[in-house]
Amino acid sequence: MPPETSTDTIVPGSLEPDTTTGSTTGSRADFRTLEAGLDALQTSPLVEKGPWRRFADGVLPPVVLVLALIAAWQFYIVIARPRPDLTPGPLDVLTSITDLWSTGHLQTAVVTSLSRGGIGFLIAVAIGTPLGLLLAEWRLLRRALGPLLSGLQVLPSVAWVPAAILWFGLSDATVYFVVLMGAVPSIANGLVAGVDQIPPQLRRVGTVLGANRVEMATLVVLPAAMPGYLAGLKQGWAFSWRSLMAAEIIAVGGSIGFGLGSMLQQSRELADLPGVLATILVILFVGILVELVLFAPAERRLLRRRGLYLTAGR
Amino acid sequence: MSAVSVTERDRTGSGSHRPGISVSTDTAPAAVVAADVETAIRVDGLSKRFGKAGPVVLDNINLTIRPGEFVCLLGASGCGKSTLLNIIAGLEHPSEGTVTVASGKSAVMFQESALFPWLTASRNVELALKLRGVPHGRRRGEALELLDLVNLADAANKRPHELSGGMRQRVALARSLAQDRKVLLMDEPFAALDAITRDLLHEELERVWRETGRTIVFVTHNVREAARLGQRVLLMSSRPGRIRNEWRIVDDGPRRIESPEVSRLSIEITNHLREEIRRNAA
C-alpha cells in the first residue's frame with residue numbers, strides 16, 4: 001500500500017505515476033487466481049435432487065390422488081348402492097380389464113392403436129417439421145397459409161372421418177389421414193412459435209460467425225427453436241392419439257384392425273358399461289404413459305440444459 | 001513510467017485548450033491525414049437514416065483506423081454508435097457512403113454474451129471454429145486453448161446458464177477470437193457487468209489485445225472505460241450522430257481505471273460529452 005492512500009486528503013495528481021499507471025496487479029498467475037476467485041464467488045453449484053426427493057415430488061402426489069379417487073368411488077358404491085349396470089364399481093371395471101386381458105383383446109387393441117398412433121405421429125413429424133420451418137422463414141407463405149393452418153388446428157379432426165371414409169373406404173389410410181389432419185398443424189405451429197421466440201441476437205451471432213442459410217437453419221434456428229418445437233410435438237402426439245380414437249370409434253370393419261377405439265365401440269354395442277369404462281381408463285393410461293416415458297424426460301432434459309427448468313435446484 | 005500524454009483533436013474545428021492536454025493544431029479530417037498510412041477500417045462519408053423519411057441517425061462519418069489500434073466510440077444514448085458498429089460489421093447497410101474493412105469480415109461481440117444456450121462453453125467456441133472451416137479433429141483442442149486464454153479452461157463443459165455474466169462474456173470473447181479475424185468489434189460488451197468484474201475484464205481484454213494484435217473498435221457510453229482502454233477515443237454527438245472530438249492517448253503500457261491520468265482524461269471528455277447532451281435540451 002502506498003502511504004498516500006492512507007492520508008486524510010488526496011490531491012489529484014499528487015500520486016506518484018508509477019503506483020497508478022501500469023499493471024500493478026502483478027504477474028499473469030496472480031491475475032488468474034484473482035479471476036478464478038471472482039468466478040467462484042459468482043457461481044453457485046446446482047443442487048440436483050436425489051432420486052427419493054424426485055419420487056416424493058413427482059410421482060407420489062398424482063398416485064395418491066388416483067388412489068383417493070378410486071377409494072371415493074368405491075365408498076359411493078358401498079354407501080349409495082346405485083344400479084350396478086349403470087354405475088359399476090372399481091372392482092367391476094378391474095374384472096373387465098382382466099377379462100379383456102385373458103382373451104387377448106386388450107393386448108391386440110393396445111398394440112394396434114399404439115403402432116398406428118406412433119406411425120401416424122412420425123409421419124406427421126416428417127410433414128410438420130419442414131412445413132413449420134418453411135412457414136417460419138418464408139413470410140409470404142406464412143401470410144397465406146398461416147391462418148388456414150391455425151384454422152385446421154381448431155377444427156376437430158373427427159370432422160374429417162366421414163370424408164376420409166368416402167375417399168379411402170374402411171382402410172388404414174382413413175385412420176392415418178385423420179391422424180395427420182389432427183397432428184400436422186400442431187407440430188408446424190409449435191415450430192413456428194419456437195422460431196418466433198428465438199432472440200434476434202442469436203441469429204445475428206450466426207451471421208457474424210459466417211453461417212450460410214443451411215447452417216443457420218440447422219445449427220442456429222432449429223436448436224434454438226427446440227423448446228417450442230417440443231411443445232408442438234407434445235401437442236401433436238395428443239392430437240394424434242385423440243384423432244386416432246375418434247377414427248377407430250367411427251370407422252369399424254373393413255380392413256381396419258381392432259384398436260382401442262374399436263374395443264370401446266364394441267363394448268358400447270354390448271351395453272357393457274364396465275368394459276366401456278375399462279377401455280376409457282386404458283386409453284387414458286396409454287396417453288399418460290407416453291407422456292411420462294417419452295415427452296416429460298425429453299422436455300426436462302432440454303430445459304435443464306438451457307437453464308430454463310425452474311424447479312431444478314430450487 | 002511517464003504519465004499518459006493525450007492529444008485532442010477537435011473534429012468541429014472550433015478548437016479548445018485545457019491544461020495538461022496538448023491539442024493538435026491539425027484540424028483536417030483524419031481520412032486525409034492517414035491517407036498514406038496503412039488502414040484497417042476506412043469509413044467515408046457515411047450517413048444512415050432508417051426509412052426514407054426517418055431521422056438521420058449518422059451524418060457524414062469519416063474515420064480511418066490503423067491496424068492494431070484500439071479505438072473507443074463514445075457517446076450518449078441515440079448517438080448511433082451501435083448503428084455505426086453494426087454497419088462496420090456488415091449487419092446493417094449505410095444509406096450513403098462506404099465502409100471498407102481491409103481484412104474482410106470482422107468478429108463481433110455484443111452486450112449480451114449471446115452464447116447459444118444449448119451448447120457448452122467449449123461447443124460454443126467450437127461452433128465458431130466449425131463455421132470458419134477448421135477441420136473437426138482440431139476444433140476441441142483449439143477451443144480449449146482459446147478458453148484458456150480467457151482463463152476458463154475449467155469451465156469448458158459448463159453451459160451458459162451455469163456461468164456468471166463475466167464468465168459468459170469471456171466465453172463470448174474466446175468465441176470471437178475463434179473467428180480469427182483481424183478486426184474485433186465490441187458493442188458495449190461489459191455494460192451489464194458489475195464494476196469489479198468489468199475491471200478484471202478490462203485487464204483481460206487489454207492483455208488479449210496486446211497478445212493478439214487485433215484491431216478493436218469498442219463502443220461504450222462509459223467515459224472512464226473509454227479512457228481506460230482506448231488508444232483513441234472518439235466522442236459522438238447525438239441526433240444526428242457525428243464524430244465531434246477525438247483524443248489520442250499515447251500508449252505506454254497498461255493503464256488502470258483508478259489512475260489520475262485516466263481520471264483527468266475522463267473529466268475532460270465528460271465535460272465535452274455534457275456539452276453535447278445540453279445541445280439537445282429544448
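Summary table below
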{"quantity": "Chain B: relative contact order as a whole-number percent, Cα under 8 Å and 6+ apart", "calculated": "26"}
{"quantity": "14 Å Cα-Cα reach of B:K52 towards aspartates and glutamates, excluding residues that sit fewer than 8 places from it in its own chain", "calculated": "B:E96"}
{"quantity": "Cβ-placed point charges (K, R +1; D, E -1), dipole of the protein assembly as shown about Cα centre in debye, nearest 20", "calculated": "1040"}
{"quantity": "Region A:101-305: relative contact order in percent, alpha carbon pairs under 8 Å with at least 6 residues between", "calculated": "27"}
{"quantity": "Most fluctuating residue given options A:L166, A:L289, A:L34, as computed from a GNM of chain A linking Cα atoms under 10 Å", "calculated": "A:L34"}
{"quantity": "Sites A:A159 and B:F50 - FRET efficiency at Förster radius 45 Å, r taken between beta-carbons, to 0.05", "calculated": "0.40"}
{"quantity": "For peptides A:196-205, A:68-77, sequence by mean Cβ density within 10 Å, most packed first", "calculated": "A:196-205, A:68-77"}
{"quantity": "Residue pairs, from the table B:K48/B:K81; B:K130/B:K158; B:K105/B:K158, whose Cα atoms sit over 23 Å apart", "calculated": "B:K105/B:K158"}
{"quantity": "Cα-centre dipole for region A:180-307 with unit charges at Cβ (Lys and Arg positive, Asp and Glu negative), debye to 20", "calculated": "720"}
{"quantity": "Shielding by partners - mean other protein chain Cβ count within 10 Å, residues of A:198-211", "calculated": "6"}
{"quantity": "Rule-of-thumb Rg ratio for chain B [Cα; 2.2 N^0.38 Å; N residues]", "calculated": "1.01"}
{"quantity": "Span-like helix ranges in chain B, DSSP H, alpha carbon extent 15 angstrom or more, Kyte mean at least 0.0", "calculated": "B:165-178"}
{"quantity": "Where only alpha carbons of region A:133-246 are counted, the Rg and the Dmax (Å)", "calculated": "16.9, 55"}
{"quantity": "Top of B:V108, B:V208, B:V125 by mean-square fluctuation, Gaussian network on chain B, Cα under 10 Å", "calculated": "B:V208"}
{"quantity": "Binned Cα-Cα distance frequencies in the protein assembly as shown - 20 Å width, integer %", "calculated": "16, 37, 25, 16, 6, 0"}
{"quantity": "Choice from A:G37, A:G120, A:G58 showing the highest fluctuation, given a GNM over chain A with Cα pairs closer than 10 Å", "calculated": "A:G37"}
{"quantity": "Other protein chain Cβ atoms within 10 Å, averaged over every residue that makes up A:30-40", "calculated": "4"}
{"quantity": "Spread of Cα-to-Cα distances over 10 Å intervals beginning at zero, given as percent, for chain A", "calculated": "5, 17, 20, 20, 14, 8, 6, 4, 3, 2, 0"}
{"quantity": "Phi-based couplings in Hz for region A:282-294 (Karplus 6.51, -1.76, 1.60; Gly and Pro marked x)", "calculated": "5, 4, 4, 5, 4, x, 5, 4, 4, 4, 6, 7, 9"}
{"quantity": "The protein assembly as shown: antiparallel DSSP beta bridges as a percent of all, rounded to 5", "calculated": "50"}
{"quantity": "Cα extents of region A:54-125 along the three principal axes, largest first (Å)", "calculated": "50, 38, 21"}
{"quantity": "Neighbourhood net charge (12 Å Cβ-Cβ; Lys/Arg +1, Asp/Glu -1) for B:S263", "calculated": "+2"}
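No lab work stands behind these numbers, since they all come straight from the coordinates. Everything numeric here is computed off the predicted structure, so don't read it as measured data. Neighbour counts run over all protein chains shown; Cβ positions are idealised from the backbone, glycine included.
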